[in-house]
Amino acid sequence: MNKFKQLFKNHKYAVKQLGITLNDPCSNKDLANLESKLNLLLPPDLIDFYKFCNGFDTDDFLFRVVPIAETVDYQGELKNNTFHFAEYMIYSDQWLIEIYEGGGYEILNNNHGTQEMAVQTTSVLKFLEIYLTEGLFSKLDNNSFWDRLIKNRN
């Protein structure tokens, strides 16, 4: 089973609570368009994610993972090896993926432009696991998604 499918299955309560609506899987053409725009091959786990779902929307402060077609449309605003991966509140804040030769990548964020761009994680699976634990703002310990990413940085 695809590890992303398993992740969302294991967190079905959170998926419901956060109002997550998965997009259909992307096409091979979508993947090829993004790789062409980046002039780099996507790492296998990113391909696995996009073949599971081409992003998703939520009811959690409009947080979403951006579909490939939109990332391709706006990729020209960023460095050649970087694209928009997730955002919330209609691009009030965004997470970027920066890909490196050899298949490594980092997910970056600057906390609404209040900080320097910093690595949040090097794994889409970890990013989504942390998001699915409590959404953007934890109700249990007043701990934000940004704080949880930093604490679990890998």
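Can you say whether residue 6 is more than 17 Å from the chain's Cα centre (by Cα) and of a type outside the set (Gly, Ala, Ser), as far as the supplied structure shows?
no
Being in a strand (DSSP E or B), closer than 22 Å to residue 17 by Cα and modelled with pLDDT of 75 or more narrows it down to one of 87, 98, 129, 106, so name that one.
After applying the criteria, what remains is 87.
Being among the aliphatic types (A, V, I, L, M) and closer than 15 Å to residue 122 by Cα is the filter here; which residues of segment 72-108 pass it?
Within segment 72-108, 86, 96, 97, 99, 107, 108 meet the criteria.
Consider residue 90 against the criteria (1) under 15 Å from the mean Cα position of the chain (by Cα); (2) in contact (Cβ under 8 Å) with a residue 40 or more places away in the chain: it satisfies all of them except one. Which criterion is unmet?
Failing condition for residue 90: (2).
Take residue 123 and tell me if it is hydroxyl-bearing (Ser, Thr, Tyr) and without any contact (Cβ under 8 Å) to a residue 60 or more places away in the chain.
Here the answer is no, as residue 123 does not meet what is asked.
Just give me the residues in segment 20-65 being more than 16 Å from residue 80 (Cα to Cα) and among the charged types (D, E, K, R), in sequence order.
24, 29, 30, 45, 48, 51, 57, 59, 60, 64
Condition first: over 16 Å from residue 50 (Cβ atoms), of a type in the set (A, V, I, L, M, F, W, C) and in contact (Cβ under 8 Å) with a residue 60 or more places away in the chain. Now tell me which residues in segment 1-26 satisfy that.
14, 15, 18
The values are calculated or read from the model by the stated rules, or taken from the named source; none is laboratory data. Note that this is a predicted model, so its numbers are computed, not measured. So basically every Cβ, Gly included, is an ideal-geometry build from the backbone, and we count neighbours across all protein chains shown.
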